[in-house]
1. Does Phe115 meet the test of being hydrophobic (A, V, I, L, M, F, W, C) and at pLDDT 95 or above?
2. Do you know which of the residues in segment 96-110 that are of a type in the set (Phe, Trp, Tyr) and touching a Pro at 6+ places or on another chain (Cβ under 9 Å) is nearest to Thr57 (Cα to Cα)?
3. Taking segment 58-67, which residues are closer than 29 Å to Glu144 by Cβ and either part of a loop (DSSP other than H, G, I, E, B) or not aliphatic (A, V, I, L, M) (or both)?
4. Just checking: which of the strands (runs of 3 or more DSSP E) contained wholly in segment 68-127 hold 1 or more residues that are acidic (Asp, Glu)?
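The values are calculated or read from the model by the stated rules, or taken from the named source; none is laboratory data. Note that the coordinates shown come from a computational prediction; the quantities given were computed from them, not determined experimentally. With ideal geometry, Cβ positions are generated from the backbone for all residues, glycine too; neighbour counts draw on all protein chains shown.
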Amino acid sequence: MMMRSQVTCHTSQVKVKGLVLFLTCVLCLATGDLFAQSISSLELINNAKLYEGKVVTFEGEAIGDVMARGEYAWLNVNDGQNAIGIWMGKELAGEVSFTGSYKSRGDWLEITGIFNRACLEHGGDLDIHAQAIRKVRPGRDVVEKLNTGKRNMVFILLGVLCAVWILKRLKLK
């Protein structure tokens, strides 16, 4: 037979556990948008009508140059399959330290913004108007190492070419 204090204690433990479970669920639902799944460029291009005018999250390497246009800037971001133009305020563009080229790896960025399949403001181009940018991985300079095997092959081929030229000149005399 349970005593009244044991029943009260058991009931309050159930209430506390229920409250903790409820708060955990609310927290998971509330932070769900903070960690949105990135959409690939192929998904955006192939289903452009579906995403038109919606807030999307796109992730990729900053490539080319940051092109300033007054208070705004353009940046191309490549996810490994396609590059998409990103239109952003200059303050967001300031987040970009490295852009990809032959000499460097660009910053890997997560862009959240409004997707336009045919932006009227920018001549009908497909673009994203960035609202937020997060640097996932910083870029870096790339130091190219000299491939000595290729260098040696060039000298060998150059020697063969010179030998053929000399033999041809001697044959003509």
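1. On the way: hydrophobic (A, V, I, L, M, F, W, C): yes; at pLDDT 95 or above: yes.
Spelling it out, Phe115 is indeed hydrophobic (A, V, I, L, M, F, W, C) and at pLDDT 95 or above.
2. By that ranking, first place goes to Trp108.
3. Correct list: Glu59, Gly60, Glu61, Gly64, Asp65.
4. Filter on segment 68-127 gives 108-119.
Yes/no matrix, rows are residues, columns are (1) surrounded by 10 or more Cβ atoms within 10 Å (Cβ to Cβ); (2) of a type in the set (D, E, K, R); (3) in contact with a Lys or Arg (Cβ under 6 Å, 6 or more places away or on another chain):
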{"residue": "Trp108", "(1), (2), (3)": "yes, no, yes"}
{"residue": "Gly113", "(1), (2), (3)": "yes, no, no"}
{"residue": "Gly123", "(1), (2), (3)": "no, no, no"}
{"residue": "Val136", "(1), (2), (3)": "yes, no, no"}
{"residue": "Gly139", "(1), (2), (3)": "yes, no, yes"}
{"residue": "Lys150", "(1), (2), (3)": "no, yes, no"}
{"residue": "Gly159", "(1), (2), (3)": "yes, no, no"}
